[in-house]
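Engineer: Take a look at the following structure, please.
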Amino acid sequence: MKSRTPALWIACFALLSFPLLAFGDDKTGLAGKAQEILKANCYRCHGQEGTVEGGMNYILDFPTLVSRKKVEPKDPAKSKLYKRLTSEDNPMPPEDEKIRPSKDEIATIKKWIEAGAPGTESAPSKRTLITDADIIKHIADDLEKTDEADRRFVRYFTLCHLSNVGLTEDEMQTYRNGLAKLVNSLSWGRNIVAPRPIDAAKTILRIDLRDYKWNSALWTYIAGVYPYGKYLPDATAMGVYAAMEWDLPYVRADTFIFNFSRAPFYYVMLQLPYTDVELEKQLKVDIDTNI
């Protein structure tokens, strides 16, 4: 009788656990369906390639949806996401969009929220912390592949601190897009040139001052108002400073975007004159002739 007891307990445990296991599997499947619905109907405006309509670029990141109060687990009525999907006055996606969720798909989203807004089956990948020393090492490696005569024109923007705090890849792409748009908006160059990533995670972006008709004086101005500059005394950093002829080789991209997309920094970077007459001369526009 004693020899059969373990087998009996195992059988009972299996029977008791089966509904729980099935429920767990159902939650995983429900999360997958919810993500498919959001990807098909919402992602193109709220995250795809960094799109950030309505200030929202994390529609497929369930933990972020919850942490930023777009979804209230187990309470669809208080979930902003669900309320916008079902709004009669201001629905999302907008009524003029051809691709819109069906009633059954909206019901699935409701069911997903009621189930506690479970995440997808795959766990989020762990990110390695990127230190200042790591940034300098990446820059040193990049400069090694750069012609010596061009090194003094190279500068870098970083998104490493945003990656370190866990921003999604879609959110990171929004910042890359914003940086590319701003540096070209501050350029007198004829060509559109996007900053180029130098690391696999695309957290360090390289520019050439000459592409935007900038000079070292403008970068000096940027450095003068930049609050996070850090001088590293190690050999790798000293080599970078010497190669670039500058001791502040990089600045945070988001800080640059915030400051230099507005006055007075925007005007300084464009080197705009103080009067309209001077601007006309700079643009080679003759108002009297072309009136």
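Engineer: Please find, within the range 26-43, the residue that is least open to solvent (accessible area, probe 1.4 Å) out of those that are within 28 Å of Asp96 (Cβ to Cβ) and free of Cβ contacts under 8 Å to residues at least 24 places away in the same chain.
Structural biologist: Tyr43
Engineer: Here's a follow-up. Can you tell me which residue in the range 170-192 is farthest from the chain's Cα centre (by Cα), limited to those that are buried (at least 16 other Cβ atoms within 10 Å of the Cβ) and outside any helix (DSSP H, G or I)?
Structural biologist: Ser187
Engineer: Which residue is farthest from Thr174 (Cα to Cα), if the candidates are limited to the range 254-291 and must be among the polar types (S, T, N, Q) and in contact with a helix residue (DSSP H, G or I) (Cβ under 7 Å, 6 or more places away or on another chain)?
Structural biologist: Quick first cut of the range 254-291, residues among the polar types (S, T, N, Q) only: 255, 259, 261, 271, 275, 282, 289-290.
Imposing the further condition that a residue be in contact with a helix residue (DSSP H, G or I) (Cβ under 7 Å, 6 or more places away or on another chain) reduces the set to 259, 261.
Details: Asn259: 17, Ser261: 15 Å.
Only one residue tops the list, namely Asn259.
Engineer: If Arg210 passes every condition in (1) under 24 Å from Leu162 (Cβ atoms); (2) open to solvent by 60 Å² or more (accessible area, probe 1.4 Å); (3) of a type in the set (Lys, Arg) but one, which one does it miss?
Structural biologist: (1)
Engineer: Being of a type outside the set (Asp, Glu) and more than 26 Å from Ala180 (Cα to Cα): is that true of Gly239 here?
Structural biologist: Values: of a type outside the set (Asp, Glu): yes; more than 26 Å from Ala180 (Cα to Cα): yes.
Answer is yes for this residue.
Engineer: Can I ask one more? Taking the range 243-278 as the region of interest, how many residues are among the aliphatic types (A, V, I, L, M) and within 27 Å of Ser163 (Cα to Cα)?
Structural biologist: So in the range 243-278, the residues among the aliphatic types (A, V, I, L, M) come out as 243-244, 248, 251, 253, 257, 263, 268-270, 272, 277.
Then drop every residue that is not within 27 Å of Ser163 (Cα to Cα), which leaves 244, 248, 251, 253, 257.
Of the residues in the range 243-278, 5 are among the aliphatic types (A, V, I, L, M) and within 27 Å of Ser163 (Cα to Cα).
Engineer: Select, from Ala194, Ala217, the only residue that is in contact with a helix residue (DSSP H, G or I) (Cβ under 6 Å, 6 or more places away or on another chain) and without any contact (Cβ under 8 Å) to a residue 40 or more places away in the chain.
Structural biologist: Working: Ala217 fails: in contact with a helix residue (DSSP H, G or I) (Cβ under 6 Å, 6 or more places away or on another chain).
Criteria check complete, one pass: Ala194.
Engineer: List every residue pair whose Cβ atoms sit under 7 Å apart, with the two residues 6 or more apart in sequence or on different chains, where the first one lies in the range 225-245 and is more than 19 Å from Leu159 (Cα to Cα) and the second, anywhere, is open to solvent by 30 Å² or more (accessible area, probe 1.4 Å).
Structural biologist: Sorted first by the residue in the range 225-245, then by its partner, the pairs are Thr236/Lys137; Tyr241/Asp247; Ala243/Arg151; Met244/Arg151; Met244/Arg152; Glu245/Arg152.
Yes/no per residue for (1) open to solvent by 50 Å² or more (accessible area, probe 1.4 Å); (2) within 23 Å of the chain's Cα centre (by Cα):
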{"residue": "Phe62", "(1), (2)": "no, yes"}
{"residue": "Leu65", "(1), (2)": "no, yes"}
{"residue": "Lys69", "(1), (2)": "yes, yes"}
{"residue": "Glu72", "(1), (2)": "yes, no"}
{"residue": "Pro91", "(1), (2)": "no, no"}
{"residue": "Lys98", "(1), (2)": "yes, no"}
{"residue": "Ile113", "(1), (2)": "no, no"}
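Engineer: Of a type outside the set (D, E, K, R), over 23 Å from the mean Cα position of the chain (by Cα) and either under 30 Å from Glu53 (Cβ atoms) or surrounded by 11 or more Cβ atoms within 10 Å (Cβ to Cβ) (or both) - does that describe any residue in the range 119-134? Give the steps one after another, and end with the answer.
Structural biologist: Within the range 119-134, the first condition is being of a type outside the set (D, E, K, R), and the residues that meet it are 119-120, 122-125, 128-131, 133.
Filter once more, so that each one left must be over 23 Å from the mean Cα position of the chain (by Cα): none.
Taking every residue of the range 119-134 in turn, none turns out to be of a type outside the set (D, E, K, R), over 23 Å from the mean Cα position of the chain (by Cα) and either under 30 Å from Glu53 (Cβ atoms) or surrounded by 11 or more Cβ atoms within 10 Å (Cβ to Cβ) (or both).
Engineer: Could you please find all residues in the range 236-260 being outside any helix (DSSP H, G or I), open to solvent by 10 Å² or more (accessible area, probe 1.4 Å) and among the hydrophobic types (A, V, I, L, M, F, W, C)?
Structural biologist: From the range 236-260, those outside any helix (DSSP H, G or I) are 245-252; that's our starting set.
Remaining after also requiring open to solvent by 10 Å² or more (accessible area, probe 1.4 Å): 245-248, 250, 252.
Correct list: Trp246, Leu248.
Engineer: Same structure, new question: Failed condition for Pro73, given (1) modelled with pLDDT of 85 or more; (2) assigned to a helix (DSSP H, G or I), with all others met?
Structural biologist: Among (1) modelled with pLDDT of 85 or more; (2) assigned to a helix (DSSP H, G or I), the lone unmet condition for Pro73 is (2).
Engineer: What about Thr86, is it open to solvent by 20 Å² or more (accessible area, probe 1.4 Å), hydroxyl-bearing (Ser, Thr, Tyr) and modelled with pLDDT under 90?
Structural biologist: No; evaluated as a whole, the condition is false for this residue.
The values are calculated or read from the model by the stated rules, or taken from the named source; none is laboratory data. Owing to the predicted nature of the structure, the values given are computational and were not obtained by experimental measurement. Backbone-built Cβ (ideal geometry, glycine too); neighbour counts: all protein chains shown. Please note that ligands, DNA and RNA were not included when accessible areas were found on the heavy atoms of the full protein model with its side chains. Shrake-Rupley method; radii C 1.70, N 1.55, O 1.52, S 1.80 Å.
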